[in-house]
Amino acid sequence: MAAVNPVPWARSQMAFTLAFHIILVPLGVSWAFMVLIANYRALRKDDRAALVLAQRWSKYMAVTFAVGAVTGTVLSFEFGLLWPHFMGTWGEAFGIPFAFEGLFFFTEAIFVAIYIFGWRRLKPWTHFWTGVPIVLAGVFGSISVVAANAWMNAPTGFTANAQGEIVDVDPLGVIFNDAMPLQAAHMVVAAYLVGGFLISSVYAVGMLRGRVDRYHKLGFAIPFSVAAVATPIQIGVGDTLARWVYDNQPVKFAAIELVPTTSSDVPETLLGHLNADGTVTGGIPIPGMASWLSDPSTGRSTVVQGLDSVPADTRPTILEANVVHLAWDVMVGLGTLLLLLSLWYAAIWLIRRRAPTGKWFLRVAACSGVLAVVTMEAGWVVTEVGRQPWIVYNLMKVEAAATGNAGVWITFIAVIVLYLALGVTTIMVLRSMSRRFRRAGGLADIDTPYGPTKKPEPAETVESEP
């Protein structure tokens, strides 16, 4: 019986856990901000619907934060279990951003608890300000994690000896590597985009089912407005990041654009696939567009480096290149669709001074949450698969970093079962909370993170003796 190669299993397990965890990240980063918008409106305008919305959102936020903590902890263990050679060689540098992320995580956890249990225990504005550290900690925690991933794309901030062992680390050099600013901006804006569309899509479904009261309209308008503002910003950041990849990771860029050989006047191929003989078939080519987008200053004469410019063992395989290209098309295509939806929303808002409530708009908005998640997942596929075969760009390959334990497939199956159970349980808890909130009607919730409690029964009136 042939020995099991642990590398594909390690990659698959890491990909699965990351894909699951990344869905919770936008909620952890952006939901607190939307809670504060509703909370601020409630205090400034004495808006009861906004107050109830802020209370309920804060409790949903607490649940998703807790689940995200669990999935994030599993990922932390996986770095050591699945990639021991990577951590053994680069852990001194790679671990620095995670140390800062830990500080931000604990800060966020503390203030989530204060905010949740501060309802009716703190003065209104004091309670509001306890939510601000949650927003800041979520953003900076996300930046810290992305800094670690960006370091894998642009490793700097360390000194190695002749044996390749790290002998000195510059923490600021590790964190503020060349890839960090754009990658961090891309992820933070994505968090607000995905979180906004995901939350608003729930209220769009409710409105399609006839729940068109002010509570649902406000619950839709706040997160959708956040997402609509974030979408054009994200496209601008993404375009700049793509040019950074062109300049600094040309082989990844060649996989994105399906460029087998170095040339100018490279077409932008929509869909299509790369064949083993280096030809591209299928799809819709737009002449010269890839060259022009890479560097508009030189236009169609811009030279794009091809996959064959480096040895075969230092570039993505044909399958990986096709996966990267398809993921890129999905990301750009769905991102453009979300931009058009945002412009539709903005046009109606500017003309009528209110959020659109037409059925066709709401139908598309109801799908926007899922579409935004798929867009984000596709973006991470481009980032991670496009860097193959490197785990640390140009310094260490994935195969050299992975564990040699052939039993990795067992942990992969265990993780799938655990995460599926966790996902189903989370959905059931959130749906149960939603039903209880709906039955509570206009009741401003009590301070438990799991839903409203019953209204206190009035005390019995005891007649006094004559």
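The values are calculated or read from the model by the stated rules, or taken from the named source; none is laboratory data. Bear in mind the structure is a predicted one, so any value in this text is a computation, not a measurement. Using ideal geometry, Cβ is built from the backbone for each residue, glycine included, and neighbour counts are taken over all protein chains shown. SASA here: full protein model, heavy atoms, side chains in, ligands and nucleic acids out. Shrake-Rupley method; radii C 1.70, N 1.55, O 1.52, S 1.80 Å.
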- the chain: longest segment with zero exposed trypsin sites (Lys or Arg not before Pro), where exposed means DSSP loop plus at most 15 other C-beta atoms within 10 Å, is residues 212-352
- Kirkwood hydrodynamic radius of the stretch 164-231, from inverse mean 1/r over distinct Cα pairs, in Å: 14.5
- Task: With no solvent and one equal point scatterer placed on each C-alpha of the stretch 56-179, evaluate the Debye formula and give log10 I(q)/I(0) for q = 0.15, 0.17, 0.20, 0.22 Å⁻¹, two decimals.
- Result: -0.76, -0.89, -1.08, -1.22
- Query: From the Cα gyration tensor of the stretch 110-251, with a ≥ b ≥ c the square roots of its eigenvalues, which class applies: rounded if a/c is under 1.5, or else prolate if a/b is larger than b/c, or else oblate?
  - Reply: oblate
- So what's the projected area for the stretch 1-129, the Cα convex hull averaged over all directions, in nm²? 9.9
- Note on the structure: Rounded to whole Å², per residue accessible area for the chain with a 1.4 Å probe reads 48
- Message: Which order do the peptides 21-27, 281-287 come out in when sorted by mean C-beta neighbours inside 10 angstrom, highest first?
- Response: 21-27, 281-287
- Message: If amide hydrogens are placed 1.01 Å from N in the peptide plane, which non-local residues have theirs closer than 5 Å to the one on Glu268?
- Response: Ile286, Gly288, Met289, Ala290
- Item | Proximal lysine pairs, the chain, alpha carbons under 30 Å, eight or more residues apart or interchain | 18
- Query: Longest span of the chain, sites excluded, free of GluC sites (Glu not before Pro) in DSSP loop with at most 12 other C-beta atoms within 10 Å?
  - Reply: 166-459
- Task: Please report how far the C-alpha centroid of the stretch 100-153 lies from that of the stretch 173-207, rounded to the nearest whole angstrom.
- Result: 16
- Query: Among Ile416, Ala355, Val4, which residue has its Cα positioned farthest towards the positive end of the charge dipole of the chain, with +1 placed on the Cβ of Lys and Arg, -1 on the Cβ of Asp and Glu, and the dipole taken about the Cα centre?
  - Reply: Ala355
- Message: With a cut-off of 8 Å between alpha carbons and a minimum separation of six or more residues, what is the relative contact order of the chain in percent?
- Response: 21
- Query: If you take the alpha carbon radius of gyration of the stretch 301-395 and divide it by 2.2 N^0.38 Å, what ratio comes out, to two decimals?
  - Reply: 1.54
- Can you give me the span-like helices of the chain, meaning DSSP H runs with 30 Å or more of Cα extent along the axis and Kyte-Doolittle mean at or above -1.0? 6-45, 48-82, 84-118, 132-153, 180-208, 214-248, 318-352, 359-385, 408-440
- Message: Considering only protein heavy atoms and a probe of 1.4 Å, how much of the accessible area of the chain is carbon and sulfur, as a whole percent?
- Response: 67
- Query: Based on DSSP H runs of at least 4 residues, each adding -39500 (n - 2.57), what is the mean residue ellipticity at 222 nm of the chain after dividing by all its residues, to the nearest 500 deg cm²/dmol?
  - Reply: -24000 deg cm²/dmol
- Cα point-scatterer Debye curve for the stretch 1-55, base-10 log of I(q)/I(0) at q = 0.12, 0.16, 0.31 Å⁻¹: -0.50, -0.62, -1.05
